[in-house]
Amino acid sequence: MPPNDAQEYADLKKYIFWLLVTLAPLTAINIVIGILSDSLTIFTIAVEGVASLILHSFNMAAVTVIQRRNSFSFPYGTGKLENFSSFLYSVIVILITLVIINSALNRYLHPPATINLGLAQITLVLAIIRAWVMVAWVSRLCRRYSDHSPMMHSYYVDLKLTLILNLSVFTGLLSGLWLFSEGHVQAAVAVDLIIGLSVVLYMFYCSIGVLVKNFRSLIDLPLPEADQHKILKALVEDFDNYEGIGNFYTQLSGSTRFVQMELHFKETTTVEEIESLRMRLEERLKKHFSKLVFHLIPLVQEENT
């Protein structure tokens, strides 16, 4: 494993560890406050926290596997293992949101007599502070490792959305708390129901997007025609340095493009010339493809006698 990759995954593992350590007690507090306050919003956040704990635990195990094996010496790396964690998380969240939507409908038909939104503010303040710290941390890691792991990028996007969501929920529940303090109990219940249902629908929407994206990453697809044209264009620029083109082997795996090509050379072509051509081709292709695995297979073009 190259030193930079080893350090990246060591930092990522440390980050996931602190995600788990801070989320576990916060989720427990959410569950308790959700029960005491009878707030659908806090209950929704608590259930999402349980799903996140499952995801972080899986990611911790995945990173441990990556660190223990010499994965980076092999072309296909560990991208699919990382994509699977996001796929698993989205499936769990979709199932949870369906259960919560059912609970929301039951609450709409049979609203509670009272609700305590004051307790709900406590856990939201803690969640906002935690999300802000974690976003700042993972943002610094992403800047440190420019070609960072897809898992690290997923954490950056997820925690950033979590921070925005918690701030929005906090603001909304403050209005509900004001209504409750003014004696408008059922209005406060309605506000909590609307916010909780909005959070659930937002979670469902995001999870569908993550599910589709990571499902595509878990299967191999043909390289798009536009990408094929870029490969041919890169070859044309060096047309006088090889004798002919053989077979192309390409595929799209997640965001990584695998390109393997056969090129025919004269018998007099040196290894140094072939390697120089390979490096030029790879450099051109990397201008178009951020994640690329490129192989050149040299074949001897026998000269006619």
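Can you tell me which residues in region 237-258 are in a helix (DSSP H, G or I) and either modelled with pLDDT of 90 or more or among the aromatic types (Phe, Trp, Tyr) (or both)? Selection gives PHE239 alone. Based on what the data block shows, is GLU48 surrounded by 18 or more Cβ atoms within 10 Å (Cβ to Cβ), closer than 19 Å to LEU163 by Cα and charged (D, E, K, R)? Yes, satisfied.
Contact annotation: residue pairs with Cβ atoms under 6 Å, 6 or more positions apart or on different chains, pairing a residue in region 26-45 that is surrounded by fewer than 23 Cβ atoms within 10 Å (Cβ to Cβ) with a partner that is assigned to a loop (DSSP other than H, G, I, E, B) and not basic (Lys, Arg), are ASP38/PRO112; ASP38/ILE115. Restricting attention to region 43-61, the residues that are among the aromatic types (Phe, Trp, Tyr) and under 15 Å from the mean Cα position of the chain (by Cα) total 1.
Scanning region 262-290 for residues that are surrounded by 15 or more Cβ atoms within 10 Å (Cβ to Cβ), free of Cβ contacts under 8 Å to residues at least 40 places away in the same chain and under 30 Å from PHE84 (Cβ atoms) yields a total of 1. From the list PHE204, PHE180, PHE170, which residue is part of a helix (DSSP H, G or I), surrounded by 14 or more Cβ atoms within 10 Å (Cβ to Cβ) and at pLDDT below 70? That would be PHE180, the only listed residue that is part of a helix (DSSP H, G or I), surrounded by 14 or more Cβ atoms within 10 Å (Cβ to Cβ) and at pLDDT below 70. Within region 64-98, the only residue that satisfies the criterion of being over 16 Å from ASP158 (Cβ atoms), at pLDDT 65 or above and touching an Asp or Glu at 6+ places or on another chain (Cβ under 9 Å) is ILE66. Checking each residue in region 134-160 for being over 13 Å from ILE16 (Cα atoms), at pLDDT 75 or above and part of a helix (DSSP H, G or I) picks out ALA136, SER139, ARG140, CYS142, ARG143, ARG144, LYS160. Each residue in region 239-261 was checked for being in contact with an Asp or Glu (Cβ under 9 Å, 6 or more places away or on another chain), buried (at least 16 other Cβ atoms within 10 Å of the Cβ) and among the polar types (S, T, N, Q), and 2 of them qualify.
The values are calculated or read from the model by the stated rules, or taken from the named source; none is laboratory data. Small disclaimer: the values here were computed from a predicted structure and weren't measured. Cβ sites come from the backbone with ideal geometry, for glycine too, and all protein chains shown count toward neighbours.
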